[in-house]
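Notes for the one structure printed next.
Derivation of every value follows stated rules applied to the coordinates shown; laboratory data play no part. In this text the structure is predicted, and so the values were computed from the model without any measurement. Neighbour counts are summed over all protein chains in view; Cβ atoms, including those assigned to glycine, are modelled from backbone coordinates with ideal geometry.
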Amino acid sequence: MATLNIRSIVKRKYQVQRDEKAQQHRTKFSRCSSSLNDSAFYAGQLEACEMDGDWLKAVELLAEVRALKLDLPGEAFEPAVRLCAQSGQWQKAVSILEQAHAQGSVSSPTTVAVFTTLLRESQPAAALRLLKDMEQRGANNWEARGQCHNLVARTCARGGMLDEGLELLDSMYKAELQIQRDTYEALALGCLRAGRGERAEELFEERDYM
């Protein structure tokens, strides 16, 4: 009788352990599924924010994503990047773009939108830092590289960092990147304002030979 009781106890203990393991597996799977669903939910909400033009809501959603430690792909951040850029929130646009790069690739239109905003807001230091960061990521062949270099050179010319803009122009020559007429003109005008007429004349000539 005692032997039967021991066997019964052991059997019940084994059953309890098996049930606990099964429950742990279900919980783990449920959390994984929930995380995937949450990621998709937030990605959809960020797209909706862009359509509504609500950059503040987009920033709040990204704060929730960080708090929940959700993994979003790089492209999921893009609506928030473009929205902040279009709304003149250049600091937030740059910050979110950097987060997006850390999570994966980012499309050219989104990257160009940020550099365009930095040009509009006359933020040469931020533009140079972002460009340097993207170059250091080893993305020497990233799409729209030439367009972004042109935007940064013009930002420097118009934002009081003429020497840096001219240095960037030289690096564009060496990298054989296409230089746009607007870039030559912006740098030439910057040289004229700085009393560097000879250099301005050279830039205008280079523009005319395009």
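Using only the Cα atoms of region 162-210, build the gyration tensor, take square roots of its eigenvalues as a ≥ b ≥ c, and label the shape rounded, prolate or oblate: rounded if a/c is under 1.5, else prolate if a/b is larger than b/c, else oblate.
Values: a/c = 2.10, a/b = 1.35, b/c = 1.55.
It is oblate, given that a/c is not under 1.5 and a/b is not larger than b/c.
How far, in nm, would the chain grow between Lys57 and Glu176 when pulled straight, counting 0.36 nm per residue and subtracting the alpha carbon separation?
Values: separation 119, 0.36 × 119 = 42.84 nm, distance 4.16 nm.
Using 0.36 nm per residue and subtracting the Cα-Cα distance, I get 38.7 nm.
Given points 7 Å out from each Cα along the Cα-Cβ axis, report the Asp163 to Ala194 separation in nanometres with one decimal.
0.8 nm
Which entries in the list Lys92/Lys174; Lys69/Lys132; Lys57/Lys92 go over 24 Å, if you measure between the two C-alpha atoms of each?
Lys92/Lys174; Lys69/Lys132
Between Gln86 and Gln103, with labels modelled 7 Å along Cα→Cβ, what's the label distance in nm to one decimal, could you check?
1.9 nm
Please rank His149, His101, fewest neighbouring Cβ atoms within 10 Å first, as an exposure proxy.
Details: His149 23, His101 18.
Least crowded to most crowded, the residues run His101, His149.
If R₀ is 22 angstrom, what is the calculated FRET efficiency for the pair Glu205 and Arg129, using the beta carbon separation as r and rounding to 0.05? Walk me through the numbers on the way to the answer.
Details: r = 32 Å, r/R0 = 1.43.
Computed FRET efficiency for Glu205 and Arg129 comes out at 0.10.
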